[in-house]
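To keep things clear, I will list the structure first and then write my remarks on it.
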Amino acid sequence: MSNKPYIKTSIKGSDMQTSTIDLTSSKILVSACLMGKPVRYDGQCASQGTEKLLHLQEQGCLVLLCPEVAGGLPTPRAPAERISERIKSQTGDDFTDAFIRGAEKALVMCQDHNIKIAILKENSPSCGSDFIYDGSFTGTKISGSGIVTDLLRANGVSVFSEHTIDLALKLANQ
């Protein structure tokens, strides 16, 4: 039996089918909070990670990062939301520079590890891929993306959320 890292999944219509994803030559960037790291603004994690991601992590195929922490923000910290090109905390602090530093570190990690796929936390002002909060701190979501997602996509990295892991793994297998 091969020691190659793999995960069995693929999508055909809405049905799950079985295939093998060989990630021996590439890695996937994943938001650390999705893998159970307590790095969110509230000091919590977003998930304990899915079985698929945990298997890939065991095989050394994932690179974990919290761009907000990498950018210098503490945990816990005030919640923040994206308002145009700025990131403001609920307490009025401007976190934009820290978010930009974190985005730049995410890009360097992708370049250093030849990463072409990222699975990041939806709704985050850093990592959101399809939705972010609207900046009113009322829980209202709008179509949009986070600063990390924007920078990675501008540099050829395909970004997915925790809701589209199967699509990310399907792309990794191509």
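The values are calculated or read from the model by the stated rules, or taken from the named source; none is laboratory data. Fair warning: this is a prediction, and the values are worked out from it, not measured in the lab. Note that we place each Cβ from the backbone using ideal geometry, even for glycine, and neighbour counts take in every protein chain shown. Note: accessible area is taken over every heavy atom of the protein model, side chains too, but ligands, DNA and RNA are not part of it. Shrake-Rupley method; radii C 1.70, N 1.55, O 1.52, S 1.80 Å.
Annotation: amide H-H contacts under 5 Å for residue 119 (H modelled 1.01 Å from N, sequence separation of 5 or more, or interchain): 29, 30, 31, 160. For the set 47, 126, the ranking by accessible area, highest first and with no ligand, DNA or RNA atoms included, is 47, 126 under a 1.4 Å probe. For the listed residue pairs 27/52; 141/170; 27/141; 52/121, the alpha carbons are over 25 angstrom apart in 141/170; 27/141. If only the Cβ of Lys and Arg carry +1 and only the Cβ of Asp and Glu carry -1, the dipole of the chain around its Cα centre is close to 340 debye. Taking every protein chain into account, the 1.4 Å probe leaves residue 121 with about 40 Å² of accessible area, to the nearest ten.
Within segment 70-116, what whole-number % of the accessible surface is contributed by carbon and sulfur, with the 1.4 Å probe and all protein chains included in the calculation?
51 percent
At a probe radius of 1.4 angstrom, the accessible area of the chain per residue rounds to 50 square angstrom. Rounded to whole Å, the principal axis extents of the Cα atoms in the chain read 55, 33, 29, largest first.
Legend: calculated FRET efficiency, residue 84 to residue 113, from the Cβ-Cβ distance at R0 = 35 Å, rounded to 0.05, equals 0.70. Would you be so kind as to identify which of 138, 34, 61 lies farthest towards the positive end of the dipole of the chain, taking Lys and Arg as +1 and Asp and Glu as -1 on Cβ and the Cα centre as origin? Highest projection toward the positive end goes to 61. Computed per residue of the chain from DSSP H runs no shorter than four, each worth -39500 (n - 2.57), the mean residue ellipticity at 222 nm is -7500 deg cm²/dmol.
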